[in-house]
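Some notes on the structure that comes next.
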Amino acid sequence: MVVDLRGSATSYVLWTRKRHVFRPDHNVTRVESVGQVLGLSLPPSPQIWTDEAAEARASELIPEGRKVLVIAPTANWPKKMWPEECYLELARRLTGPGGLLDGADIMIQGGPGERDQVPLLYEALPKDRLIDQMGSDLVTAAACFRRVSLFVGNDSGLMHLAAAAGAPTLGLFGPTRDDLYAPWGPNAAFVRGPRSCEEIQGDPGYDHSAPVSEMRDLTVGRVEEAARALLERLSKGSSS
């Protein structure tokens, strides 16, 4: 049996008794669309496996009982990156006195070589509470996500990794479709600004190749309220 989740031509030139090839369904989430490849009415939720080394490293970075806010401010496309000054203000509100995560450490996650995309965060975040994991390997990142209080990040692979690891995950959306790519799982939620993906990309001045954010109308207050709603929902669920 050949199972092809990329819909490539290769799967058609391989001899096999059964062939299941991915064909995207743009009317359902990508997780559901992948589940349709094998005819699964209940799509299998993504699962993450870690090893002892990753778990040991995660326990060093995040000791038991420590509150940690993770921010993932980068992405593979500038347009879907919420401005770094917004992440900075959000971190201050959430972890400052009276915030949802008062006194929490702040972990920065991102891909290798992406630190230069967010210099303001490294300059302005309190050094004594900063856990720099930019460029961390993904297995260690997943092990860390299992221990954190909240993950906030752009529509990216790290957002999906956090949701699959079970972290309270808030995905931020702008020029990409949340109906297809929202984080999947019981501990996940998403938020966007006042414009839909179609409205953003349909704007006469929209330039797909311009390296600028299309997320500036997503306010810090709106993200903060979404984070509050997510954590309150999870808190009520755990106490019921």
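Since every read-out is calculated from the coordinates, none of them should be taken as a lab result. On a predicted model such as this, the values are computed, not experimentally measured, just so you know. A quick note on method: Cβ atoms are made from the backbone with ideal geometry, for glycine too, and the neighbour counts reach across all protein chains shown.
Brief remarks on what is shown
- Projected area averaged over orientations for the chain, convex hull of C-alpha atoms, nm²: 15.7 nm²
- Under 17 Å from Lys79, Cα to Cα: aspartates and glutamates that are on another chain or at least 8 residues apart: Glu114, Asp116, Asp155, Asp178, Glu198, Glu199, Asp203, Asp207, Glu214, Asp217
- Global form of region 141-240, assessed from the alpha-carbon gyration tensor, a/c cut-off 1.5: prolate
- Ascending count of other beta-carbon atoms within 10 Å, so fewest first, for Lys80, Lys18: Lys18, Lys80
- Note on Lys127: lysines with a C-alpha under 21 Å away, same-chain residues under 8 apart excluded, are Lys67.
- Annotation: amide H-H contacts under 5 Å for Thr74 (H modelled 1.01 Å from N, sequence separation of 5 or more, or interchain): Asn154.
- Diagonalising the gyration tensor over the Cα atoms of region 44-141 and scaling each eigenvalue by 5 before taking the square root yields semi-axes of 22, 19, 13 Å, largest first.
- Each residue of region 227-238 is assigned a 3J(HN,Hα), and the resulting list reads 5, 4, 4, 5, 5, 5, 4, 5, 5, 5, x, 6 Hz, derived from the Karplus form 6.51 cos²θ - 1.76 cosθ + 1.60 (θ = phi - 60°), x at Gly and Pro.
- Centroid-to-centroid separation of region 177-223 and region 119-161 [C-alpha atoms, Å]: 21 Å
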